[in-house]
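Participant: Let me begin by handing over the structure; questions about it come next.
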Amino acid sequence: MNEIITRKVLAEGVKEFAVAAPRLARARRAGQFVIVRVNETGERIPLTIADADPEAGTITLIFQEVGKSTLLLGTLQEGDRILDVVGPLGRPTHIENFGTVACLGGGIGVAPVHPIAKAMKEAGNHVIGIIGARTRDLLIMEDRMKAATSELHISTDDGSYGTHGFVTTVLEALVNEGRKIDLVVAIGPVPMMSASTKTAAKYNLPCVVSLNSIMVDGTGMCGACRVTVGGKTRFVCVDGPEFDGYQVDFVELVKRQRAYLKQEDVARRQFLEHHPGERCWETKVS
Amino acid sequence: MPREKIPRQKMPEQAPEERRRNFQEVPYGFTPELAQLEASRCIFCKKPKCIEGCPVEIDIPAFVKLIRDGDFLGAARKLKEANALPAICGRVCPQEEQCEVRCVIGIKDEPVAIGRLERFAADFERLNNLVEAPEIPPWTGKRAAVVGCGPAGLTVAGELAKLGHKVTIFEALHQPGGVLMYGIPEFRLPKAIVEAEVDYVKKLGVEIVYNAVVGRYQTVDELLAEGYDSVFLGTGAGLPYFMNIPGENLNGVYSANEYLTRSNLMRAYRFPEFDTPIAVSKKVAVLGGGNVAMDAARTALRLGADEVHIVYRRSRNEMPARIEEIHHAEEEGIQFQLLTNPTEILGDDQGWVKGMKCIRMELGEPDGSGRRRPVPIPGSEFLMEVDTVVVSIGNGANPLVPQTTPGLETNKWGNIIADKNTAATSKPGVYAGGDIVIGAATVILAMGAGKVAARAMHRYMMGIPEPAPEPEAPPAA
């Protein structure tokens with residue numbers, strides 16, 4: 001169990017593992033996640049299930065190395081075992097034939113949006129994929145997203161590939177072209193999800209977002225993952241991870257995600273001192 | 001010395017000024033001499049009342065007598081006939097309202113220290129590596145699945161294994177023990193002891209599968225379809241309650257569940273050696289007056305806080321925490337803000353707690369719980385300067401299993417409905433006990449429910465009819 005069968009580097013600081021977890025591979029649905037712990041002193045971190053192969057008995061995990069735990073996870077090689085993998089957690093995405101669904105993935109958020117696009121397409125939707133990254137080299141899963149969607153659009157912040165701008169730039173252009181969109185699903189960094197919701201709201205499109213809050217147990221016991229949705233406290237691990245973007249307090253979410261910045265910095269520095277070979281492309285602390 | 005003159009023996013313990021900054025266990029436990037002296041206070045009643053007070057029906061006079069006579073191992077074995085986790089129960093049971101409150105010695109004097117003696121015997125067996133599993137009868141051919149490896153689940157598993165069934169425990173976390181591991185702090189219940197008692201249950205042949213969230217990873221119906229003849233649900237505490245006051249999602253506000261899980265299960269008190277962080281606090285307010293609140297407050301102190309306050313809306317008399325815990329907390333310098341209710345948590349522009357608005361309360365007429373209802377005193381608002389708030393006012397039911405198990409009835413709070421005498425749920429072959437049934441309670445009540453469930457599951461799996469309920473009145477002969 002939990003053996004890494006294949007390991008790929010998708011972009012600088014972004015890795016993909018196919019992990020042996022047969023029961024999980026069968027049980028998981030689009031939109032769900034796992035919690036992993038790398039070693040005995042490790043913390044529990046949530047990671048999206050980007051895909052699964054029930055026949056091979058594997059799940060696909062894609063993660064960006066930003067802190068100590070993801071850096072440490074990234075050092076594992078094929079044949080290594082992840083100490084703990086627990087899931088599938090969270091409620092699955094509500095899949096039905098809405099008509100046309102726009103699936104927006106920003107940065108590492110392409111990984112969680114991928115299984116949703118796939119399931120939406122299988123349910124008979126026309127799926128418009130819009131994926132973006134800061135720059136071309138950081139764009140991930142282009143081929144797989146092409147396969148998972150009916151049409152795929154790309155944007156980069158610096159214009160090095162696809163539309164110069166954000167995923168919302170593309171969304172807005174499509175709406176202005178007169179394309180009818182019945183549902184927007186947006187996953188990525190909080191500012192991207194917040195901007196996607198604003199764009200969707202401008203055109204009165206329903207918008208679902210998937211929140212990546214800090215968690216500990218992930219099974220509805222500790223309450224670390226609480227967010228304000230529609231003025232009420234909700235728990236991402238059992239009530240989510242997906243919520244109506246219109247109702248989410250993104251400002252609070254950003255602040256809550258920063259709760260342990262100081263400790264995270266200490267842990268990362270200590271890790272990098274002991275692993276001079278490992279480099280993180282986004283370790284600059286602002 | 002005549003028996004009546006021997007006072008109740010105290011356990012030696014770490015001095016408050018020393019222990020308030022370390023996570024080592026507070027009491028050291030009885031020495032053999034102290035244990036024998038204490039045991040000699042028992043008069044071995046013909047009809048012992050103490051047993052009636054024990055949810056797992058330990059033969060208390062028998063094990064106390066063995067201690068008095070110096071057969072400490074025999075005492076431990078006697079305990080384990082009824083209770084697979086005596087080192088834990090000796091530490092965390094509220095004996096003062098169970099066995100000890102019924103002790104006849106306690107009428108004129110202080111009761112026999114049954115809990116301390118239980119702890120002593122169990123520790124003696126473990127520390128001398130004398131733990132042995134009893135003979136297990138041949139396999140009955142039946143399998144039981146137990147969901148949750150906390151006190152209820154461990155009890156069910158141990159009892160069923162001793163009856164010859166094969167038992168698998170499915171645990172959501174990466175370690176066994178449930179609340180014994182994530183909730184109760186090291187200084188009150190060392191994790192090595194939990195591990196040892198879990199090992200004993202494993203020695204009885206019980207298998208434990210970790211990282212298995214029943215309700216997500218597999219459903220109860222799948223367990224039944226996959227060859228388990230009955231299922232016990234001991235999923236424990238669910239989502240924590242909050243006060244529903246402004247500011248509760250600020251950084252620095254924790255549920256007690258989260259605060260304790262970070263420190264206990266994830267060892268955040270050893271950050272950065274362990275990766276899980278926890279707030280570094282100067283002034284902490286813990287909201288609530290139960291045992292968990294005491295645990296959280298004393299943990300905050302040990303994590304280095306300068307000041308820790310328990311904020312409780314009623315008076316000391318209504319506090320649900322054990323007197324011993326309140327006393328320990330007080331000795332360590334926890335400050336009690338009684339008859340005080342928070343109305344708002346205030347934050348800075350970065351979203352961090354910087355203070356808490358409170359109002360003083362007074363006790364009015366008794367409410368539904370029979371306790372005098374606290375009512376706010378107009379104009380008594382004041383500000384507490386704090387940087388961390390731990391909310392410890394209980395928790396609801398975990399929804400995962402009920403949500404995914406058709407035919408399983410719950411009450412309006414989401415707790416699973418189970419028969420008091422058999423722990424049977426509305427779903428045939430499925431039993432439940434512990435916090436998921438009765439809401440937040442104690443370790444020993446969960447274990448008591450586990451024992452009831454194990455007997456009923458045994459009968460169910462073996463096709464033995466349920467005993468007829470006790471007749472209400474003697475039959476007219």
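The values are calculated or read from the model by the stated rules, or taken from the named source; none is laboratory data. Keep in mind that this is a model prediction, so the values were computed, not measured. Backbone-built Cβ (ideal geometry, glycine too); neighbour counts: all protein chains shown.
Participant: Please find, among B:Val179, B:Val198, B:Val147, the residue that is surrounded by 24 or more Cβ atoms within 10 Å (Cβ to Cβ), closer than 13 Å to B:Ile88 by Cβ and either within 14 Å of chain A (Cβ to nearest Cβ) or in contact with a Cys (Cβ under 7 Å, 6 or more places away or on another chain) (or both).
Facilitator: Numbers: B:Val198 fails: either within 14 Å of chain A (Cβ to nearest Cβ) or in contact with a Cys (Cβ under 7 Å, 6 or more places away or on another chain) (or both); B:Val147 fails: closer than 13 Å to B:Ile88 by Cβ.
None of the other options fit; the residue is B:Val179.
Participant: Quick one: which helices (runs of 4 or more DSSP H) lie wholly within the stretch B:62-115 and hold at least 2 residues that are within 28 Å of B:Asn129 (Cβ to Cβ)?
Facilitator: On the way: elements: B:72-82, B:86-92, B:105-108.
By residue number, B:72-82, B:86-92.
Participant: Looking at A:Leu61, A:Leu10, which one is closer than 26 Å to B:Gly215 by Cα, within 18 Å of the chain's Cα centre (by Cα) and in a strand (DSSP E or B)? If you could, list the steps in order and put the result at the bottom.
Facilitator: Numbers: A:Leu10 fails: closer than 26 Å to B:Gly215 by Cα.
Of A:Leu61, A:Leu10, the one residue that is closer than 26 Å to B:Gly215 by Cα, within 18 Å of the chain's Cα centre (by Cα) and in a strand (DSSP E or B) is A:Leu61.
Participant: Another question, if that's okay. Mind checking which pairs have a first residue in the stretch A:166-181 that is outside the structural domain of A:Met120 (by TED's automatic domain parsing) and under 18 Å from A:Ala133 (Cβ atoms) and a second that is buried (at least 22 other Cβ atoms within 10 Å of the Cβ) and of a type in the set (Ser, Thr, Tyr), Cβ under 8 Å, 6 or more apart or different chains?
Facilitator: Filtered contacts from the stretch A:166-181: no entries.
Participant: Could you list, in sequence order, all residues of the stretch B:204-245 that are buried (at least 18 other Cβ atoms within 10 Å of the Cβ) and small (Gly, Ala, Ser)?
Facilitator: Across the stretch B:204-245, the qualifying residues are B:Gly205, B:Ala212, B:Gly215, B:Ser230, B:Gly234, B:Gly236, B:Ala237, B:Gly238.
Participant: Answer yes if at least one residue in the stretch A:88-105 is buried (at least 24 other Cβ atoms within 10 Å of the Cβ), out of contact with any Leu (no Cβ under 9 Å at 6 or more places or on another chain) and among the small types (Gly, Ala, Ser), and no otherwise.
Facilitator: yes
Participant: Just checking, does the stretch A:157-170 include any residue being crowded, with 20+ Cβ neighbours inside 10 Å, touching a strand residue (DSSP E or B) at 6+ places or on another chain (Cβ under 9 Å) and of a type in the set (A, V, I, L, M)? Please lay out each step first, then the result.
Facilitator: As a first pass, look at the stretch A:157-170 and keep what is crowded, with 20+ Cβ neighbours inside 10 Å: A:162, A:166-168, A:170.
Filter once more, keeping what is touching a strand residue (DSSP E or B) at 6+ places or on another chain (Cβ under 9 Å): A:162, A:166-168, A:170.
Next, from what is left, pick out any that are of a type in the set (A, V, I, L, M): A:167, A:170.
The answer is yes, given that some residue of the stretch A:157-170 is crowded, with 20+ Cβ neighbours inside 10 Å, touching a strand residue (DSSP E or B) at 6+ places or on another chain (Cβ under 9 Å) and of a type in the set (A, V, I, L, M).
Participant: Take the residues in the stretch A:194-243 that are more than 9 Å from every other protein chain (Cβ to nearest Cβ) and aromatic (Phe, Trp, Tyr), then tell me which one is surrounded by the fewest Cβ atoms within 10 Å (Cβ to Cβ).
Facilitator: Only one residue fits best here, namely A:Tyr203.
Participant: Hey, another quick one. Return the total of residues in the stretch B:261-271 being more than 9 Å from chain A (Cβ to nearest Cβ) and assigned to a helix (DSSP H, G or I). Walk me through how you get there before you give the answer.
Facilitator: Let us first name the residues in the stretch B:261-271 that are more than 9 Å from chain A (Cβ to nearest Cβ), namely B:263-264, B:269.
Narrowing further to those that are assigned to a helix (DSSP H, G or I): B:263, B:269.
Within the stretch B:261-271, residues that are more than 9 Å from chain A (Cβ to nearest Cβ) and assigned to a helix (DSSP H, G or I) number 2.
Participant: I'd like the full set of residues that are among the aliphatic types (A, V, I, L, M) and either in the same structural domain as A:Leu139 (by TED's automatic domain parsing) or within 24 Å of A:Gly74 (Cβ to Cβ) (or both), limited to the stretch A:16-33. Before the answer, list the steps.
Facilitator: Keep residues of the stretch A:16-33 that are among the aliphatic types (A, V, I, L, M), which gives A:18-21, A:24-25, A:27, A:30.
Matches in the stretch A:16-33: A:Ala18, A:Val19, A:Ala20, A:Ala21, A:Leu24, A:Ala25.
Participant: Is it true that some residue in the stretch A:124-135 is in contact with a Lys or Arg (Cβ under 9 Å, 6 or more places away or on another chain), of a type in the set (Val, Ile, Thr) and not in a helix (DSSP H, G or I)? Explain how you work it out, then say what you get.
Facilitator: So the first thing to find is which residues in the stretch A:124-135 are in contact with a Lys or Arg (Cβ under 9 Å, 6 or more places away or on another chain), and the list is A:127-129.
Then keep just the ones that are of a type in the set (Val, Ile, Thr); that gives A:127-128.
Going one step further and asking which of them are not in a helix (DSSP H, G or I), we end up with A:127-128.
Checked the stretch A:124-135: at least one residue is in contact with a Lys or Arg (Cβ under 9 Å, 6 or more places away or on another chain), of a type in the set (Val, Ile, Thr) and not in a helix (DSSP H, G or I).
Participant: Now for a different question. Looking only at the stretch B:247-260, how many residues end up being acidic (Asp, Glu) and in a strand (DSSP E or B)?
Facilitator: Going residue by residue through the stretch B:247-260, those that are acidic (Asp, Glu) are B:248, B:258.
Restricting the remaining residues to those that are in a strand (DSSP E or B) gives none.
The qualifying residues number 0.
Participant: Next question. Please go through (1) part of a strand (DSSP E or B); (2) out of contact with any helix residue (DSSP H, G or I) (no Cβ under 7 Å at 6 or more places or on another chain) for A:Leu152 and return the number of the only condition it doesn't satisfy.
Facilitator: With respect to (1) part of a strand (DSSP E or B); (2) out of contact with any helix residue (DSSP H, G or I) (no Cβ under 7 Å at 6 or more places or on another chain), A:Leu152 is out only on (2).
Okay, residues lined up against (1) facing chain B (nearest Cβ under 10 Å); (2) in contact (Cβ under 8 Å) with a residue 24 or more places away in the chain; (3) on the phi > 0 side of the Ramachandran plot; (4) of a type in the set (A, V, I, L, M, F, W, C):
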| site | (1), (2), (3), (4) |
| --- | --- |
| A:Ala20 | no, yes, no, yes |
| A:Arg28 | yes, yes, no, no |
| A:Phe63 | no, yes, no, yes |
| A:Thr75 | no, yes, no, no |
| A:His114 | no, yes, no, no |
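Participant: Which residues, taken from the stretch B:377-393, are surrounded by fewer than 16 Cβ atoms within 10 Å (Cβ to Cβ) and either in contact (Cβ under 8 Å) with a residue 12 or more places away in the chain or under 18 Å from A:Asp217 (Cβ atoms) (or both)?
Facilitator: Here is the first cut: in the stretch B:377-393, the ones surrounded by fewer than 16 Cβ atoms within 10 Å (Cβ to Cβ) are B:377-383, B:385.
Matches in the stretch B:377-393: B:Ile377, B:Ser380, B:Glu381, B:Phe382, B:Leu383, B:Glu385.
Participant: Let me ask something else about it. Does A:Val34 satisfy being under 23 Å from A:Asp143 (Cβ atoms), within 20 Å of the chain's Cα centre (by Cα) and within 14 Å of chain B (Cβ to nearest Cβ)? Steps first, answer last, please.
Facilitator: Values: under 23 Å from A:Asp143 (Cβ atoms): no; within 20 Å of the chain's Cα centre (by Cα): yes; within 14 Å of chain B (Cβ to nearest Cβ): yes.
So A:Val34 fails the test.
Participant: Looking only at the stretch A:13-26, which residues are under 19 Å from the mean Cα position of the chain (by Cα) and under 16 Å from A:Val85 (Cα atoms)? Reasoning before the result, please.
Facilitator: Initially, the stretch A:13-26 is screened for residues under 19 Å from the mean Cα position of the chain (by Cα), giving A:13-19, A:24-25.
A:Glu16, A:Phe17, A:Ala18, A:Val19, A:Leu24, A:Ala25 - these are the residues of the stretch A:13-26 that are under 19 Å from the mean Cα position of the chain (by Cα) and under 16 Å from A:Val85 (Cα atoms).
Participant: Something else now. Out of all the residues in the stretch A:194-203, which are part of a helix (DSSP H, G or I) and free of Cβ contacts under 8 Å to residues at least 40 places away in the same chain? Give the steps one after another, and end with the answer.
Facilitator: So in the stretch A:194-203, the residues part of a helix (DSSP H, G or I) come out as A:194-202.
Within the stretch A:194-203, A:Ala195, A:Lys198, A:Thr199, A:Lys202 meet the criteria.
Participant: What single numbered condition from (1) more than 8 Å from chain B (Cβ to nearest Cβ); (2) surrounded by fewer than 18 Cβ atoms within 10 Å (Cβ to Cβ); (3) touching a residue at least 12 places away in the same chain (Cβ under 8 Å) fails to hold for A:His274?
Facilitator: A:His274 satisfies all of (1) more than 8 Å from chain B (Cβ to nearest Cβ); (2) surrounded by fewer than 18 Cβ atoms within 10 Å (Cβ to Cβ); (3) touching a residue at least 12 places away in the same chain (Cβ under 8 Å) except (3).
Participant: Can you tell me which residue is nearest to the chain's Cα centre (by Cα) among those in the stretch B:17-61 that are farther than 19 Å from B:Ala122 by Cβ and among the hydrophobic types (A, V, I, L, M, F, W, C)?
Facilitator: Among those residues, the one meeting the criterion is B:Phe23.
Participant: Which one is surrounded by the fewest Cβ atoms within 10 Å (Cβ to Cβ), of the residues in the stretch B:249-258 that are facing chain A (nearest Cβ under 9 Å) and touching a helix residue (DSSP H, G or I) at 6+ places or on another chain (Cβ under 7 Å)?
Facilitator: Result: B:Asn249.
Participant: With the condition being surrounded by fewer than 18 Cβ atoms within 10 Å (Cβ to Cβ) and either at pLDDT 95 or above or over 23 Å from the mean Cα position of the chain (by Cα) (or both), I'd like the strands (runs of 3 or more DSSP E) fully within the stretch B:308-375 carrying at least 3 qualifying residues.
Facilitator: B:340-347, B:353-366
Participant: OK, next. I'd like the residue in the stretch B:227-248 that is within 11 Å of chain A (Cβ to nearest Cβ) and within 22 Å of A:Leu89 (Cα to Cα) and, out of all such residues, is modelled with the lowest pLDDT.
Facilitator: Filtering the stretch B:227-248 for residues that are within 11 Å of chain A (Cβ to nearest Cβ) and within 22 Å of A:Leu89 (Cα to Cα), the one modelled with the lowest pLDDT comes out as B:Ala237.
Participant: Then there is this: If I filter the stretch B:281-307 down to residues being charged (D, E, K, R) and part of a loop (DSSP other than H, G, I, E, B), which single residue comes out as nearest to B:Val92 (Cα to Cα)?
Facilitator: Of the residues in the stretch B:281-307, the ones charged (D, E, K, R) are B:282-283, B:295, B:298, B:302, B:306-307.
Restricting the remaining residues to those that are part of a loop (DSSP other than H, G, I, E, B) gives B:282, B:306.
Working: B:Lys282: 29, B:Asp306: 27 Å.
The qualifying residue nearest to B:Val92 (Cα to Cα) is B:Asp306.
Participant: Take A:Gly230 and tell me if it is on the phi > 0 side of the Ramachandran plot, out of contact with any helix residue (DSSP H, G or I) (no Cβ under 6 Å at 6 or more places or on another chain) and not basic (Lys, Arg). Quick ask: steps written out before the conclusion?
Facilitator: Working: on the phi > 0 side of the Ramachandran plot: yes; out of contact with any helix residue (DSSP H, G or I) (no Cβ under 6 Å at 6 or more places or on another chain): no; not basic (Lys, Arg): yes.
For A:Gly230, the condition - on the phi > 0 side of the Ramachandran plot, out of contact with any helix residue (DSSP H, G or I) (no Cβ under 6 Å at 6 or more places or on another chain) and not basic (Lys, Arg) - is not met.
Participant: Go over the candidates B:Gln95, B:Gln24, B:Gln14 one by one and state the one that is at pLDDT below 95, of a type in the set (S, T, N, Q) and buried (at least 19 other Cβ atoms within 10 Å of the Cβ). Lay out the reasoning, then the answer.
Facilitator: Details: B:Gln24 fails: buried (at least 19 other Cβ atoms within 10 Å of the Cβ); B:Gln14 fails: buried (at least 19 other Cβ atoms within 10 Å of the Cβ).
Only one candidate qualifies: B:Gln95.
Participant: Filter the stretch A:177-193 down to the residues that are in a strand (DSSP E or B) and buried (at least 21 other Cβ atoms within 10 Å of the Cβ) and list them by number.
Facilitator: Just the residues of the stretch A:177-193 that are in a strand (DSSP E or B), to begin with: A:183-187.
Scanning the stretch A:177-193 gives A:Val184, A:Val185, A:Ala186, A:Ile187.
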